[in-house]
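> Following this message is one structure expressed as structure tokens.
The values are calculated or read from the model by the stated rules, or taken from the named source; none is laboratory data. It should be emphasised that the depicted structure is a prediction, and the values quoted were computed from it without experimental measurement. When we count neighbours, we look across all protein chains shown, and the Cβ atoms used for this are built from the backbone with ideal geometry, even at glycine. These area figures cover heavy atoms from the full protein model, side chains too; ligands, DNA and RNA do not enter into them. Shrake-Rupley method; radii C 1.70, N 1.55, O 1.52, S 1.80 Å.
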Amino acid sequence: MASMVYHDLNSFESINPYTGEKFARFELLTDSELDKTLIKSQEAFLKWRKTSLKERLALINALSNLLNEEATTYGQTISLEMGKPLREAIAEVKKCAVACKYYVEHAPSHLKPRKVPLETGRTGEVRYEPLGVILGIMPWNFPFWQVIRFAIPTLAAGNVVMVKHAPNTPRSALMLQQLFARAGFPVGIYTNLFISIPQVSSLIARSEIAGVSLTGSTRAGRAVAALAGQHLKPSVLELGGSNSLIALPDAPVQKVVEHAVNARFMNAGQSCISAKRIFVPKDKYETYIKELTIRIKRLKMGNPLMDDTHIGPVARLDLAEQLEKQVNASVELGARVHIGAQRNGTIFTPTLLTHVKPGMPAFDEELFGPVAVLIGYSSDKEVVQLANNTPYGLGTALFTEDVEHAKKLIPKFQDGAVYINEWIHSDPRLPFGGVKDSGYGRELSEEGIRAFVNVKSVVVNSAF
């Protein structure tokens, strides 16, 4: 997952990772300004919680319409700030609109009080009530989607949100705040914050903050979880992943390769749910190398604003340098570069690493970039053991023509999701999240809208 920046910053800057051009700079809020902003958000919550769900959903529906209508404009900003190919960026914005529509339709049932049968003369009910101001700490790799999937269910439940976005996507951050304002949300319901890490820490400690959600690195998650725990705030952590794509012996090679390349190289491999480790039967290992090489060679790198670009730059120079170090260290330990592994600034050529084993960074760590890792296995037992041999637990995908056999393997994987014959992706209809170092809590679906609510039990004894 995209890393939360830990060194302190004096400003948030938009730097085109493809050209190196700096095209926007924003100063941080002072502590006094942050304090005033927080007070406004708290005051807004006291009003917002009294609005009807119908009113809140009408505003979310208006936001959805704006996202759909202006997806190309927002997509261009995403591409310029973090290097994602434009067609992927536009698709990201449109997915945000879909999530909004999902909650417009389903929030009433997700938040509906639940009746609980009790003895004669007594009635029970479970209600879902908002908590207050929720802080979201968001990453750069999906600068619209990951904010929307946190903010929309949280707002629908009656909370208000403050968002500390990534320092390298401030234009996207501001556009999101402007979008909420244009959709008609009152001031203070959605607030963007340009603040430093020390300011984040002090904000979590404030009594006005009722909860915190972070999408970022495991390192950042540990820090936020510690602060939230210290101050007894509920938290949701969507962290890193080293997802497994497993081709079972009967899986058609060409179909697996097509899925594997799309799953690994979308967004230049900068996704927590991309196919970080690809497991294939040892007796087909060379065949997979050949077919993956053919398919990877077709990927065109270049300007993310061009229609024919498949892979843009890595989002920041330091991230590209870190990826290069991980690949080189793996090669020193015996991994082989079959194709790629060339870096020029933020440009990192699509790479296939083979003969990867536990103990290498390519196996043990999350490679956040366009590097496919191919690992051979001999049996179901071995591949399950290898797939689970990671501190992460976000997702596994199995490819096979024997679906019933694959279903029997599902309980063996220590993950938040298992997909069969398609790659893992977040869907508003399904809860999303992981276990182990991939975090805890869930976003999206029914679970997501209840992440920051007071689950209140009500009992009425009419026989008193």
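Residues checked against (1) open to solvent by 40 Å² or more (accessible area, probe 1.4 Å); (2) in a helix (DSSP H, G or I); (3) within 22 Å of Ser242 (Cβ to Cβ):
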site	(1), (2), (3)
Glu286	yes, yes, no
Ile289	no, yes, yes
Asn303	yes, no, no
Thr309	no, no, no
Ala315	no, no, yes
Val327	no, yes, yes
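> Is there any pair with a first residue in segment 261-273 that is modelled with pLDDT of 95 or more and a second that is among the polar types (S, T, N, Q) whose Cβ atoms are under 7 Å apart and which are 6 or more apart or on different chains, and what are they?
Once the first residue is modelled with pLDDT of 95 or more and sits in segment 261-273, its partners that are among the polar types (S, T, N, Q) give Ala263/Ser274; Arg264/Ser274; Met266/Ser274; Asn267/Asn141; Gln270/Asn141; Ser271/Asn141; Ile273/Asn243.
> Say we look at segment 421-436 and pick out the residues that are surrounded by fewer than 19 Cβ atoms within 10 Å (Cβ to Cβ) and among the hydrophobic types (A, V, I, L, M, F, W, C); which of these is nearest to Lys276 (Cα to Cα)?
That would be Val435.
Here is a yes/no grid of residues against (1) in contact with a helix residue (DSSP H, G or I) (Cβ under 7 Å, 6 or more places away or on another chain); (2) assigned to a helix (DSSP H, G or I); (3) surrounded by fewer than 24 Cβ atoms within 10 Å (Cβ to Cβ):
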| position | (1), (2), (3) |
| --- | --- |
| Trp140 | yes, no, no |
| Pro143 | yes, no, no |
| Gln146 | no, yes, no |
| Phe150 | no, yes, no |
| Leu155 | yes, yes, no |
| Arg171 | yes, yes, yes |
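> Please go through (1) open to solvent by less than 30 Å² (accessible area, probe 1.4 Å); (2) assigned to a loop (DSSP other than H, G, I, E, B) for Ala362 and return the number of the only condition it doesn't satisfy.
(2)
> In segment 22-32, is there at least one residue being assigned to a helix (DSSP H, G or I) and closer than 19 Å to Met162 by Cα?
Yes.
> Also, I was wondering about something else. It is to be established whether one or more residues within segment 117-132 are more than 23 Å from Leu34 (Cα to Cα), in contact with a Leu (Cβ under 9 Å, 6 or more places away or on another chain), open to solvent by 10 Å² or more (accessible area, probe 1.4 Å) and aromatic (Phe, Trp, Tyr).
yes
> Only residues that are open to solvent by 50 Å² or more (accessible area, probe 1.4 Å) and in contact with a helix residue (DSSP H, G or I) (Cβ under 8 Å, 6 or more places away or on another chain): list them for segment 28-60, please.
Correct list: Asp31 only.
> Continuing with the same structure: Could you list, in sequence order, the residues of segment 284-316 that are within 17 Å of Gln270 (Cβ to Cβ) and in contact with a strand residue (DSSP E or B) (Cβ under 9 Å, 6 or more places away or on another chain)?
Of everything in segment 284-316, those that are within 17 Å of Gln270 (Cβ to Cβ) and in contact with a strand residue (DSSP E or B) (Cβ under 9 Å, 6 or more places away or on another chain) turn out to be Ile296, Leu299, Met301, Gly302, Pro304, Thr309, His310, Ile311, Gly312, Pro313, Val314, Arg316.
Rundown of residues vs (1) assigned to a strand (DSSP E or B); (2) more than 30 Å from Thr77 (Cβ to Cβ); (3) modelled with pLDDT of 95 or more; (4) open to solvent by 60 Å² or more (accessible area, probe 1.4 Å), yes/no style:
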| site | (1), (2), (3), (4) |
| --- | --- |
| Ile296 | no, no, yes, no |
| Gln322 | no, no, yes, yes |
| His338 | yes, yes, yes, yes |
| Leu352 | yes, yes, yes, no |
| Ile375 | yes, yes, yes, no |
| Glu401 | no, yes, yes, yes |
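> State whether the residues of segment 403-415 include one that is surrounded by 19 or more Cβ atoms within 10 Å (Cβ to Cβ) and under 30 Å from Ala107 (Cβ atoms).
The answer is yes, given that some residue of segment 403-415 is surrounded by 19 or more Cβ atoms within 10 Å (Cβ to Cβ) and under 30 Å from Ala107 (Cβ atoms).
> Of the conditions (1) in contact with a Phe, Trp or Tyr (Cβ under 6 Å, 6 or more places away or on another chain); (2) surrounded by fewer than 23 Cβ atoms within 10 Å (Cβ to Cβ); (3) not hydroxyl-bearing (Ser, Thr, Tyr), Met82 clears all except one; give me its number.
(2) is the only condition that Met82 fails.
> Out of curiosity, is Ala463 assigned to a loop (DSSP other than H, G, I, E, B), closer than 18 Å to Ala99 by Cα, touching a Lys or Arg at 6+ places or on another chain (Cβ under 9 Å) and not hydroxyl-bearing (Ser, Thr, Tyr)?
no
> Identify the residue in segment 234-268 that is more than 22 Å from Trp145 (Cα to Cα) and of a type in the set (S, T, N, Q) and, among all such residues, is most open to solvent (accessible area, probe 1.4 Å).
Gln254
> Ok, one more. Determine which member of the set Arg277, Arg295, Arg206, Arg222 is more than 18 Å from Phe368 (Cα to Cα), among the basic types (Lys, Arg) and within 19 Å of the chain's Cα centre (by Cα).
Selected residue: Arg222, the only one of Arg277, Arg295, Arg206, Arg222 that is more than 18 Å from Phe368 (Cα to Cα), among the basic types (Lys, Arg) and within 19 Å of the chain's Cα centre (by Cα).
> What are the pairs with Cβ atoms under 6 angstrom where one residue, in segment 383-400, is in contact (Cβ under 8 Å) with a residue 24 or more places away in the chain and the other, located anywhere, is open to solvent by 10 Å² or more (accessible area, probe 1.4 Å) and polar (S, T, N, Q)? Sequence gap at least six, or different chains.
Asn388/Gln414; Gly393/Gln414; Phe399/Asn421
> Related question: So which residues in segment 300-317 are among the charged types (D, E, K, R) and within 22 Å of Asn168 (Cα to Cα)?
Answer for segment 300-317, where residues must be among the charged types (D, E, K, R) and within 22 Å of Asn168 (Cα to Cα): just Arg316.
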